[in-house]
Amino acid sequence: MTTILDPTDERVPVRRALTARPESISGTVALLDISKPRGDVLIARLEEQLRERLPGVTFKHYAKPTFTKPAPEDLRRKIAEECGFVIEALAD
Amino acid sequence: MPLIEAAHHAFGDRMDVWAIGQDAEGNQRLVEQHKLTLPMLDDSALHTSFAYDIDTVPTVILANEHGEELERFVGFGKPDWQELYRRLIDVTRAPAPVVDWGDYPESRPGCGSKSVEPDIYARLAAEASDSPIRARRIEVGESDDVFEFMFEQGLTDGLPVVPPTPERVLRVLEGTKRDPQEVLGVVPPNLAPLTVEKAAINAVMAGCRPEYMPVVIAALEAILTDEFNMHGVLATTHFPTPVIIVNGPIRDRIGMNYRMNVLGQGNRANATIGRAVQLVVRNVGGGRPGEVDRAALGQPGKYTFCFAEFEERSNWEPLHVERGFKKEESTVTVFAGGAPTGFVDQLARDARTLANSYGKVLAAVSHPKHYNAGEIVVVVSPEHVDTIAKDGWSKAQFRAQIQEATKRPVRELVQDSELAEGIPPAAAEKLGLDTLVPKFRSDEMITLVVAGGEAGKFAAYLQGWVSGPMGSSMVTRKIED
């Protein structure tokens, strides 16, 4: 028998249930641009289409400072506080 | 053995007299040969020998009723035994053992205890209750091939790894003065804390020797900074990987290569230091290709990419001095770089024309119409160093001429129907179509590092990635013991 030491972080990922998906969309939807080139073009077009289909819904724009790093904690918290939905989009 | 047996007969009803042997079969032979009646305890696991720090057998230890050692002597010494008997007679008031002292030599040296044989000592230290090791121990069954097991568990980069047994990890930990539980940083993408111990486990797997640990640790601390942005370097679809450049006296102390084939295979320190860093990102951070590592093509440097600068071969300031460190300090510099691309100039005989060649080649990095580029590393070989040195050019002069030679008018760089890449027309108008622009944002973006064999008028560039605060910046860190 050989004993080896675990080279990983030994953390068991916590399983979390997905938040229940609502039947319909209402309230505020976040449109998150990850700051890749032309992401703004994609988001603008998405918003245009969604506004037609969801007239009662408010859209708010957010952007990551750079696509190369995860979204900052403050930005994530702000989106969670202000919106019920989020659409994250990238383009190139 | 007869003297211990005699002590057992004389004092055994007033104190415990035990023999402790390190080999179960050998113990049995001794019992039969000397017709021993005293308790012969088996320490073939060597835990007792290790706990009492025995380095020679035989060792005789006198302990009190709490097991606390009062005295010991090693090897065989007739006066030692006679003194011991006198002391025991005093304490126990028992009659003296019957011994014919004429049968014994005055003294005889002992042999080395099994518990201090290097491999065994390392295992015992790893198993001891005060062992610095905290990592989970994984038992690999007799019928399993440990190399195959590590592949199956997804712990390797595709090449076999050295099994990180506790004794190997302890040995590698001896290469650093850092506490094994000290946290060096948080490894993306899982944002897992990295201890010195986990770094050592992965360093063992990579094939590192203990003396490489200070370099591995400094390189890991460097890539785990916000400036280097290991998350982005890992997650991008682009080519970069940590390129580790070592400067200072440690290069020779650990036998790094900075001469022939410097960017190639064959040197253990170069190969395994870079690999250890990669394995930490994979195993501790959970950064695996096809998962958070989204590289479209990747590059061979993602196995390992580490080399040293040939500081002595040029009059230029070495990289670490340029970056604010003392020449006698050892450092690692990490750069998010692509695979080396070689280029040739065999005919230039002066610094200016050679810099012009460099400029023409570097103008095409990434794409000939990509300008305003960030960091790049250029490895300059000794023969090119000599050409530049003839004119006495500094690094700054050489860099400036490279920049000059990359300059092109905006009209050649604007997006058009033949080449979609380039400067958007509106931006080009703003710049002015006849304006000459250089490839790099500033001269300082071009890092020149001297390395390579004596023959060959070649150089190699390592292209960068998104440079600066939006992506990754070069980071230099001092190597500490």
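Brief remarks on what is shown
- Listed residues B:GLY26, B:THR406, B:TYR358: farthest to the positive end of the dipole of chain B (Cβ charges): B:THR406
- Acute angle (nearest 10 degrees) that the helix B:78-92 long axis makes with the longest principal axis of chain B, alpha-carbon atoms: 70
- Highest-first arrangement of B:355-362, B:115-122, B:137-144, where packing means the average Cβ count within 10 Å: B:355-362, B:115-122, B:137-144
- Computed E for B:GLU227/B:ASP55 - FRET, C-beta separation, R0 45 angstrom, nearest 0.05: 0.35
- The range A:1-34 and the range B:119-164 have Cα centres lying 30 Å from one another.
- Each distinct pair of alpha carbons in the range A:28-89 adds a 1/r term; the inverse of their mean, the Kirkwood radius, is 12.0 Å.
- Stokes-Einstein diffusion of the protein assembly as shown at 10 °C, 1.306 mPa s viscosity, Kirkwood radius from Cα pairs, rounded to a whole number: 55 µm²/s.
- Take every Cα pair under 8 Å whose residues are at least 6 apart in sequence, average their separation, divide by the length of chain B, and the relative contact order is 14 percent.
- Tensor-based shape of the range B:1-117 (alpha-carbon gyration tensor, a/c under 1.5 rounded, otherwise prolate or oblate): rounded
- Chain B: radius of gyration and largest Cα-Cα distance (Dmax), Å: 32.5, 113
- By other beta-carbon atoms within 10 Å, ranking B:LEU419, B:LEU38, B:LEU234 with the fewest at the front produces B:LEU419, B:LEU38, B:LEU234.
- Euclidean distance between Cα centres, the range B:53-79 to the range B:189-251, Å: 47
- Semi-axes of the equivalent ellipsoid of the range B:72-205 are 51, 18, 13 Å, computed as sqrt(5λ) over the eigenvalues of the C-alpha gyration tensor in descending order.
- Spacing of the modelled spin labels on B:PHE343 and B:GLU454, each 7 Å from Cα toward Cβ, amounts to 2.8 nm.
- Euclidean distance of C-alpha centroids, the range B:255-297 and the range B:298-319, integer Å: 14
- Only the Cβ atoms of Lys and Arg (+1) and of Asp and Glu (-1) were treated as charged; on that basis the dipole of chain A about its Cα centre amounts to roughly 100 debye.
- Footprinting exposure proxy ranking of B:GLU5, A:GLU23, B:GLU25, fewest other C-beta atoms within 10 angstrom first, gives A:GLU23, B:GLU25, B:GLU5.
- Partners of B:LYS177 within straight-line reach, counting aspartates and glutamates whose Cα lies under 19 Å from its Cα and excluding those fewer than 8 residues away in the same chain: B:ASP130, B:GLU167, B:GLU197, B:GLU211, B:GLU221, B:GLU329, B:GLU480, B:ASP481.
- Which of B:LEU173, B:LEU41 has the fewest Cβ neighbours within 10 Å, and the rest in rising order: B:LEU41, B:LEU173
- Shape of the range A:12-55, Cα gyration tensor, a/c cut at 1.5: oblate
- Set B:LYS327/B:LYS360; B:LYS395/B:LYS457; B:LYS360/B:LYS395 screened for pairs whose C-alpha atoms are more than 24 Å apart: B:LYS327/B:LYS360
- When the range B:220-338 is described by a simple charge dipole with +1 on each Lys and Arg Cβ and -1 on each Asp and Glu Cβ, the residue from B:LEU224, B:GLY274, B:PRO242 located farthest towards its positive end is B:GLY274.
- In chain A, the longest principal axis of the Cα atoms and the axis of helix A:39-53 are about 60 degrees apart.
- Modelled FRET efficiency - R0 25 Å, B:ARG136 with B:ALA45, Cβ distances, 0.05 increments: 0.70
Taken together, the values in this text are just the output of simple stated rules run on the coordinates, not laboratory data. Just so it is clear, the model here is predicted, and its values are computed rather than measured. No Cβ is skipped: glycine too gets one built from the backbone with ideal geometry, and neighbour counts run over all protein chains shown.
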